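S.K.: Below: one structure in structure tokens.
The values are calculated or read from the model by the stated rules, or taken from the named source; none is laboratory data. Keep in mind that this is a model prediction, so the values were computed, not measured. Cβ coordinates were reconstructed from backbone atoms using ideal geometry, including for glycine residues, and neighbour counts include every protein chain displayed. Just so you know, the surface numbers come from the protein's heavy atoms only, side chains and all, with ligands and any DNA or RNA stripped out. Shrake-Rupley method; radii C 1.70, N 1.55, O 1.52, S 1.80 Å.
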Amino acid sequence: MNLHEFQAKSLFAHYGIAVPAGVVVRDSADINKVLEQLEGNAWIVKAQIHAGGRGKGGGVKSAEGQDGLQAVVKDLLGSRLVTHQTGPDGLPVETLLVETLTEIRQEFYLGLLVDRASRRVTIMASAAGGMDIETVAAETPEKILTEAVDPVTGLMPYQARKLGFTLGLDKGQVGEFAKMLAGLYKLFIEADASLVEVNPMILNGEGQVMALDGKINLDANALYRHPDLLALRDTGQEEKSEVIAQEHDLNYIKLDGAIGCMVNGAGLAMATMDLIKLQGGEPANFLDVGGGTTAERVAEAFKLILSDEKVRAVLVNIFGGIVRCDLIAEGIINAVREVGVQIPVVVRLEGTNVEQGRALLADSGLDIIAVSDLTEAATRAVKAAA
């Protein structure tokens, strides 16, 4: 689960990490809070979306004076911001973060993530921080410093000092950096995060180490332990169909193809998608209905698939292990009747009671293409979609 910048900075401040003063703006009335709570007559206004590249996409703007602030807020609120990470449709801007202008003496990058190869929380830091850190990592990876944290000892002070001095900080700044890094690591562990990023971390005009931006990704599998963090979820930034899928315990990811897929088991779903591509088609989604699927979940799965206007055929690939194929067939038949599917449906069943399941499909009177071979199923689905 992703957090907005203003939410990340609120957590940063809770863990003793220096951040600029800011005010959250959700409508024009909140401008008065900015004028009352923030010093000065000039501000930076940041669109809050779950994507990077906001600055280059026009989502970070400076404003001077009350009239200038009102104009920027009016321009950004309610718009859709397109960046290199959002796709062509962009994401809705429903919240802004307005901050006082901060003098920047130097920019750095600092991030913590889980390195699955070493099974460690790994710290990454660079003196080449800022908007183009991805380019730095790709073209000059030697500028990225890394430090793995032993899960038994946790972050050691010498690791923070080592990184700080290598970044070129002086003795006092290294102390501030070490305090920031300790807070970020504690936040990472206690919040069950998968990524905590500060880009840029800066030295301000007084030489103080600050987090000018913040990004936090939380491990969704651990959110049951953090109801306070789960309450921060912004479903408006997520694909609507994926939100609905979660409500029905369906594992669904929307893609760009024309063939809707409904499969039980993540591995089988991925193999099915690969086979569709091998036959010259493009899957419209990843959809795992689970090993213990029911007729109700099958119906909801069909609704999800058909909510995508690009879908021109549906491929159902079910292995009846935990659930019998005849029960799956009944669910498919009921779902097709209930939803009123108007596009070709190709069904491949295999497993327990498969003959009974195929007989039910054949006798249903519905326009269902039942096949036994997976390759044939993919071929028929690709042909039907074309």
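S.K.: Using square roots of five times the C-alpha gyration tensor eigenvalues, list the equivalent-ellipsoid semi-axes of the chain in whole Å, biggest first.
M.R.: Those come to 49, 25, 18 Å.
S.K.: Let me ask something additional. Name the residues whose placed amide hydrogens come within less than 5 Å of the amide hydrogen of Asn251, ignoring near sequence neighbours (fewer than 5 apart) on the same chain.
M.R.: Close amide H contacts, sequence-distant or interchain: Asp288.
S.K.: As a test of the formula, what do you get for the chain when each DSSP H run with n ≥ 4 contributes -39,500 (n - 2.57) and the sum is divided by the residue count, at 222 nm and rounded to the nearest 500 deg cm²/dmol?
M.R.: So the calculated ellipticity at 222 nm is -11000 deg cm²/dmol.
S.K.: Quick check: convex hull of the Cα atoms in region 1-47, volume per residue, rounded to a whole Å³?
M.R.: Taking only Cα atoms, region 1-47 has a hull volume of 96 Å³ per residue.
S.K.: Taking the highest mean first, how do the peptides 177-183, 154-160 order by number of other beta carbon atoms within 10 angstrom per residue?
M.R.: Going from most to least packed, we get 177-183, 154-160.
S.K.: Next up: Could you tell me which of Ile133, Leu97, Met156 has its Cα farthest along the dipole of region 88-164 towards the positive end, charges placed at Cβ (Lys, Arg +1; Asp, Glu -1), taken about the Cα centre?
M.R.: Farthest towards the positive end: Met156.
S.K.: Now, a different point. Region 102-179 to region 344-386: how many Å between their Cα centroids?
M.R.: 54
S.K.: What residue among Glu238, Glu300, Glu139 shows peak mean-square fluctuation when the chain is described by a Gaussian network model with Cα springs under 10 Å?
M.R.: Looking only at Glu238, Glu300, Glu139, the largest GNM fluctuation is found for Glu139.
S.K.: Would you tally the net charge around Thr352, using a Cβ to Cβ cut-off of less than 12 Å, leaving Thr352 out, and scoring K and R as +1, D and E as -1?
M.R.: Neighbourhood net charge equals -2.
S.K.: With +1 on each Lys and Arg Cβ and -1 on each Asp and Glu Cβ, how big is the dipole of the chain about its Cα centre, in debye rounded to the nearest 20?
M.R.: 440
S.K.: Near Ala378, within a Cβ-to-Cβ distance under 10 Å, what is the net charge of the other residues, with Lys and Arg +1 and Asp and Glu -1?
M.R.: +1
S.K.: Evaluate the distance, in nm, between pseudo-label points positioned 7 Å from the Cα of Leu145 and of Ala222 along their respective Cα→Cβ axes.
M.R.: Simple spin-label model gives 2.5 nm for this pair.
S.K.: Rounded to a whole number, what % of the accessible area of region 1-131 do carbon and sulfur atoms account for, probe 1.4 Å?
M.R.: 46
S.K.: Just to be sure I understand: of the beta bridges DSSP finds with both ends in the chain, what percent are antiparallel, rounded to 5?
M.R.: 75
S.K.: Please give the FRET efficiency for Ile104 paired with Asp30, using the beta carbon to beta carbon distance and R0 = 22 Å, rounded to the nearest 0.05.
M.R.: Efficiency, rounded to the nearest 0.05: 0.25.
S.K.: Order Met1, Met262 by their accessible area, 1.4 angstrom probe, all chains in place, largest first.
M.R.: Sorted by accessible area, descending: Met1, Met262.
S.K.: I would also like to ask the following. Which of the lysines could a cross-linker span from Lys162 if the Cα-Cα distance has to be under 16 Å and same-chain partners fewer than 8 positions apart are dropped?
M.R.: Partners within reach: Lys143, Lys171, Lys179.
S.K.: Then there's this: Of the candidates Gly130, Gly280, Gly260, which one comes out as most mobile in a Gaussian network treatment of the chain with C-alpha springs shorter than 10 Å?
M.R.: Of the options given, Gly280 has the highest mean-square fluctuation.
S.K.: Going Cα to Cα from Lys56, which aspartates and glutamates come in below 14 Å? Please leave out same-chain ones fewer than 8 positions away.
M.R.: List returned: Asp132, Glu134.
S.K.: Once label points are set 7 Å from the Cα along Cα→Cβ at both Ala13 and Lys56, what is their separation, rounded to one decimal in nm?
M.R.: With each label point 7 Å from Cα toward Cβ, the separation is 3.1 nm.
S.K.: Relative to the Cα centre, what is the charge dipole magnitude of region 239-377, using +1 at the beta carbon of each Lys and Arg, -1 at the beta carbon of each Asp and Glu, and rounding to the nearest 20 debye?
M.R.: Taking the Cα centre of region 239-377 as origin, the dipole is about 100 debye.
S.K.: FRET efficiency for Ser118 and Asn204, Cβ-Cβ distance as r, R0 = 35 Å, nearest 0.05?
M.R.: E(calc), rounded to 0.05, equals 0.55.
S.K.: Here's something else I'd like to know. Using the basic label-point model (7 angstrom from Cα toward the beta carbon), what is the Glu39 to Leu268 distance in nanometres?
M.R.: Taking the two extended label points, one gets 6.5 nm.
S.K.: While we're on this one: Find the lysine pairs in region 210-317 meeting two conditions, Cα atoms under 25 Å apart and a separation of 8 or more places or different chains, and report how many there are.
M.R.: 10
S.K.: What chymotrypsin sites (Phe, Trp or Tyr not before Pro) in region 2-60 are in a loop by DSSP, with at most 12 other Cβ atoms within 10 Å of the Cβ?
M.R.: none
S.K.: Then there is this: With a 1.4 Å probe and every protein chain left in place, work out the accessible area per residue of the chain in Å², rounded to a whole number.
M.R.: Accessible surface, normalised per residue, equals 48 Å².
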